[in-house]
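All remarks here apply to the structure that follows.
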Amino acid sequence: MYLLNRQQRHVVNYSWMLFSLLIIAFLPFMLFGGLYFKSFLLLKTHTLKDLIFLHSWHPSRGEFGFYPFIVGSIWVTLLAILISTPICLLTAINVTQYAKKRFLRIMHPVIDILAGIPSVVYGVWGILVIVPFISRYLGPWFGVQSMGYSILAGAFVLSVMIIPFILNIMIEIFRTIPTELKEATLSLGATKWQMVKHVLLRKALPGIIASVGFGLARAFGETMAVLMVVGNVIKVPHSVFDPGYTLPALIANNYGEVLSIPQYDSALMFAALLLLAVSLFFNLLMHFFIARYNKY
Amino acid sequence: MKRTLKAEETFFRILMNLTTGFIFIILGIIIYSVFEKGMKAMSWEMLTSVPSGGYYYGKGGGILNAIVGSLVLAFGATILAFLIGLPVALYMNVFLVRRKKLVNLIRFILDLIWGVPSIVYGAFGFTLMVFIGLQTSLLAGIITVTLFILPIMIRSMDEILRTVPMGLSEATYSLGSNKSELAFKIFTRQSVSGIITAVLLSFGRAIGDAASVLFTAGYTDNLPNSLMEPVATLPLSIFFQLASPVPEVQARAYASALVLTIIILIVSLFSRGLGKRYHKTKINF
Amino acid sequence: METAIRIKDLNVFAGKTQILHDINVEIPKNKITVILGPSGCGKTTLLKCMNRLTDLYPELKVSGEILINDKNIFDPGADISKLRQSMGLLSQRPYPLPMTIYNNIAYALKLRGVRGRRKQSILVMDYLKQANLYEEVRKRLREPASRLSIGQQQRLCLARGLAVNPDIILADEPTSALDPISSRFIDEKFQEIKPHFTIVVVTHVLRQARRIADNVIFMYMGEVVEQGSASEFFENPKEEKTKSYLEGMFN
């Protein structure tokens, strides 16, 4: 009935498992090694400091200053985090502490759908709604001429994209705080709001910080949606209404031309390496932060 | 003192309700704007034909190439990721169940690479392609997307498998089964619903991501017919057509966005429905 | 004998299942009243009704009256914060607030309305001494309370409960998670402070009930089976169920 006997099947299954595990275990090193290997060509002729801090970006002349992209990425990411953190925090408190239990059952699918919407669709939405909103209303309101394609547009779209991600973690955190702790606080005569403000938030603080950190890492590498609305102008932005350029957008926009200019593909792989490093760094940092905190 | 506290609470509660409402409204606006724009451009031709001559100046044709391409690519990557992912998840929960530290290290690595942006996978996939001498093709796309969804697949399965009670393993061992039988026969069956959810989640990621296929899968007006040929995908058809100055072409981008959104919605509906139904037949210890 | 808490026709529903059936109970002042019964009989719910922690669970429907100083605590106009401050709570496991040891008590004082740093610090030391904790934590008052051992944490919670200056102390199996020495301390402490407080202790441990109770309420399946003075209850139980419980049939 079977091609192989039990023992043989066990051996096959076992080696299949082990082989798969090895792929996974080596993946991070392969990612890092592969990208480092490719960006080596660029690192040979440019110092890391120059690459990060020089402003001029002229691949045909061999000038690779990533500064405008790095600054653009940082602006968009920080703004997005600044927008979505309070929204997520307030909503998480609302659905876990104030709203009826049933409400969470409505909230979960909403979060899941928001998390599932593809990046490009967010980009389409950004072009349809956010960009006109900025050029027609928000810009004039602040007395600024803006095309709409700007750092701010990128940040808006990005902030909505990371809301489900951060909100999910925050809701989990607030849910794991034991009811007895709340009871203990209330029985001291604290009002519900005092309980939330003095005890709940303090208890959840490490988790809140971690969720924002994870969100930051996620936002920094987000490509398509930001690329579609951020303007893609290689210039250090001076205001949030200026167009900008981000690191992921740099990679995505230029993959077609890389082969014609020497060192260009190496430069793009270096950008990818930077993104990988930032992502790994923040995730590592947050994991250790949580691990450290959990000891107490 | 009491009164200011009360006022403060009222203020923040209003703010909380506003932010909660805001999230619902934003989702509503996204869905509405995609449907409103997409429906206008939607037609039978759009869904059933590939681009014909002069398509990119606004002449006839549809996005069938992208729809089929996306489905084929996402299916391929999901199957491949499943074939690698399920054994890893099982190995972690059956063979390494007593080695908590090692399992946690693997989980940690998986969480790390889950966080890596898809554009990095795209760049890496490109490097890998050049290294093994592969052109932009369906195969290259599948490999890259597989790497990208692997951590998602494994970790979601892992979260389900780790809830399988010890008692079940003990009962199975006492019947004389070996570890791989326990893994593939008992654990998989006990966790069917969770595994399906993990697969659907990964499929949704695979079909929606643009940045990882940008370098690797390429784009074509033809239906996919070989692993070695480039393949069109919905996310890229949105991206490329939206960049066109011709309004008719732009409209097709909206139609593509609508199709992609509907696929995603169906996938997430399925995973909710299936998840619920299978749960009821689950054995409880 | 003065009555501190009078419960009339209390019914509690969780959805369609009834958790408490027509509870009518009187809890005497400045005595230790033990609510006794097998686990899952509604003891804890009854305790939580007394300081309206049931408000936290929207699925619970409460009807009836609980009178404290002749005022019904379920009156819409009742000041819940005041009510809860008149009762100190000690739960099964200690739940220190996520603050320093010092602030755990100072926070209770602040809520009670004690102003002024000096006054607060004197009172904090005082309550720590009352809970027999001062000597152990004297040098680590600024450390997070979570670093204390479980026994120390429970004593900190006792100090915190006393710091709101209550008339009543509600304790929900306060020693079940503790080592024998900390347990004995809590039991002895209750005896010691009894003249000044009305103490209500929930437990399913018969030995503990015998040791500390002045008055016993025996519950089974959400109903009060028998209540009365401890000597009467243990020496001369009236109900069949009580007798079989005392003989160890339920455990």
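Brief remarks follow.
- Index of the failed condition, B:Asp111 passing every other in (1) within 13 Å of another protein chain (Cβ to nearest Cβ); (2) over 30 Å from A:His287 (Cβ atoms); (3) of a type in the set (Asp, Glu): (2)
- Within the range A:1-38, being surrounded by 15 or more Cβ atoms within 10 Å (Cβ to Cβ), more than 8 Å from chain B (Cβ to nearest Cβ) and not hydrophobic (A, V, I, L, M, F, W, C) holds for one residue alone: A:Tyr36.
- Flag for B:Ser174 being away from chain A (no Cβ under 12 Å) and over 30 Å from A:Ala272 (Cα atoms): yes
- Of all residues in the range A:181-210 being assigned to a helix (DSSP H, G or I) and touching an Asp or Glu at 6+ places or on another chain (Cβ under 9 Å), the one that is nearest to C:Arg160 (Cα to Cα): A:Leu186
- Considering the range A:39-48, the residues that are more than 26 Å from the chain's Cα centre (by Cα) and either hydrophobic (A, V, I, L, M, F, W, C) or within 14 Å of another protein chain (Cβ to nearest Cβ) (or both) include one that is least open to solvent (accessible area, probe 1.4 Å), namely A:Leu42.
- Matching residues in the range A:114-166 - criterion: being at negative phi and not in a helix (DSSP H, G or I): A:Ile117, A:Pro118, A:Phe142, A:Val144, A:Gln145, A:Ser146, A:Met147, A:Tyr149, A:Ser150
- Flag for C:Arg155 being among the charged types (D, E, K, R), surrounded by 23 or more Cβ atoms within 10 Å (Cβ to Cβ) and modelled with pLDDT of 90 or more: yes
- Sole residue being facing chain B (nearest Cβ under 7 Å) and either open to solvent by less than 30 Å² (accessible area, probe 1.4 Å) or farther than 30 Å from C:Glu59 by Cβ (or both), chosen from A:Val131, A:Val110: A:Val110
Results for (1) more than 14 Å from chain B (Cβ to nearest Cβ); (2) aromatic (Phe, Trp, Tyr), shown as yes or no for each residue.
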| residue | (1), (2) |
| --- | --- |
| A:Phe174 | no, yes |
| A:Ile177 | yes, no |
| A:Gly189 | no, no |
| A:Val199 | yes, no |
| A:Leu205 | yes, no |
| A:Ile209 | yes, no |
| A:Gly215 | no, no |
| A:Val236 | yes, no |
| A:Gly244 | yes, no |
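Listed here are the residues, each with its yes/no results for (1) touching a strand residue (DSSP E or B) at 6+ places or on another chain (Cβ under 9 Å); (2) open to solvent by 50 Å² or more (accessible area, probe 1.4 Å); (3) in a helix (DSSP H, G or I); (4) within 17 Å of B:Asp209 (Cβ to Cβ).
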{"site": "B:Leu134", "(1), (2), (3), (4)": "no, no, no, no"}
{"site": "B:Gly141", "(1), (2), (3), (4)": "no, no, yes, yes"}
{"site": "B:Leu150", "(1), (2), (3), (4)": "no, no, yes, yes"}
{"site": "B:Ser156", "(1), (2), (3), (4)": "no, no, yes, yes"}
{"site": "B:Thr163", "(1), (2), (3), (4)": "no, yes, no, no"}
{"site": "B:Tyr173", "(1), (2), (3), (4)": "no, yes, yes, no"}
{"site": "B:Gly176", "(1), (2), (3), (4)": "no, no, no, no"}
{"site": "B:Lys185", "(1), (2), (3), (4)": "no, yes, yes, no"}
{"site": "B:Thr188", "(1), (2), (3), (4)": "no, no, yes, no"}
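Results for (1) open to solvent by 40 Å² or more (accessible area, probe 1.4 Å); (2) in a helix (DSSP H, G or I); (3) modelled with pLDDT of 85 or more; (4) in contact with a helix residue (DSSP H, G or I) (Cβ under 8 Å, 6 or more places away or on another chain), shown as yes or no for each residue.
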site	(1), (2), (3), (4)
A:Asp50	yes, yes, no, no
A:Ser60	yes, yes, no, no
A:Pro68	no, yes, yes, no
A:Gly72	no, yes, yes, yes
A:Ser84	no, yes, yes, yes
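- Filter result for the condition that a residue is farther than 15 Å from A:Tyr293 by Cβ and open to solvent by less than 20 Å² (accessible area, probe 1.4 Å), over A:Ser187, A:Ser211: A:Ser187
- The lone exception for C:Ala145 - which of (1) farther than 23 Å from A:Thr176 by Cβ; (2) crowded, with 18+ Cβ neighbours inside 10 Å; (3) modelled with pLDDT of 90 or more; (4) among the hydrophobic types (A, V, I, L, M, F, W, C) it fails: (1)
- Selection status of A:Ile24, among the hydrophobic types (A, V, I, L, M, F, W, C), within 23 Å of A:Ala219 (Cα to Cα) and not in a loop (DSSP other than H, G, I, E, B): no
- Set side by side, the residues B:Leu27, B:Leu73, B:Leu64 differ, and just one is within 22 Å of A:Ile117 (Cβ to Cβ), among the aliphatic types (A, V, I, L, M) and more than 11 Å from every other protein chain (Cβ to nearest Cβ), which is B:Leu73.
- Those helices (runs of 4 or more DSSP H) of the range C:23-113 in which at least 3 residues are of a type in the set (A, V, I, L, M) and crowded, with 21+ Cβ neighbours inside 10 Å, considering only elements entirely within it, cover C:43-50, C:101-112.
- Cβ pairs under 9 Å, 6+ apart, first in the range B:248-268 and more than 17 Å from A:Leu128 (Cα to Cα), second of a type in the set (Asp, Glu): B:Ser268/A:Asp112
- Residue in the range B:36-44 that is in contact with a helix residue (DSSP H, G or I) (Cβ under 7 Å, 6 or more places away or on another chain), open to solvent by 50 Å² or more (accessible area, probe 1.4 Å), within 10 Å of chain A (Cβ to nearest Cβ) and over 30 Å from B:Met166 (Cα atoms) present: yes
- With respect to (1) open to solvent by 20 Å² or more (accessible area, probe 1.4 Å); (2) touching a Phe, Trp or Tyr at 6+ places or on another chain (Cβ under 9 Å); (3) closer than 30 Å to B:Ala140 by Cβ; (4) at pLDDT below 90, the lone exception for B:Ser52 is condition (2).
- Residues of the range B:73-110 satisfying the condition of being in contact with a helix residue (DSSP H, G or I) (Cβ under 7 Å, 6 or more places away or on another chain), aliphatic (A, V, I, L, M), open to solvent by 10 Å² or more (accessible area, probe 1.4 Å) and within 15 Å of B:Leu139 (Cβ to Cβ): B:Leu80
- In the set (1) farther than 23 Å from A:Pro118 by Cα; (2) over 19 Å from the mean Cα position of the chain (by Cα); (3) assigned to a helix (DSSP H, G or I), B:Met39 fails one condition alone, (1).
- The residue of the range A:214-264 that is modelled with the lowest pLDDT, among those that are buried (at least 24 other Cβ atoms within 10 Å of the Cβ) and hydroxyl-bearing (Ser, Thr, Tyr), is A:Thr223.
- Check on B:Ile30, under 21 Å from B:Ala206 (Cα atoms), without any contact (Cβ under 8 Å) to a residue 24 or more places away in the chain, assigned to a helix (DSSP H, G or I) and in contact with a helix residue (DSSP H, G or I) (Cβ under 8 Å, 6 or more places away or on another chain): yes
- Against the test of being closer than 26 Å to B:Ile109 by Cβ and not hydroxyl-bearing (Ser, Thr, Tyr), the options B:Val231, B:Val192, B:Val164 yield a single qualifying residue, B:Val164.
- Only one of the listed residues (C:Glu188, C:Glu226, C:Glu240) is over 29 Å from C:Gln85 (Cβ atoms) and open to solvent by 70 Å² or more (accessible area, probe 1.4 Å). That residue is C:Glu240.
The values are calculated or read from the model by the stated rules, or taken from the named source; none is laboratory data. All values reported here derive from a predicted model rather than from experimental measurement. FYI the Cβ positions are ideal-geometry reconstructions off the backbone, even for glycines, and counts take in every protein chain you see. For the accessible areas, the whole protein counts, side chains as well, though only heavy atoms, and no ligand, DNA or RNA atoms are used. Shrake-Rupley method; radii C 1.70, N 1.55, O 1.52, S 1.80 Å.
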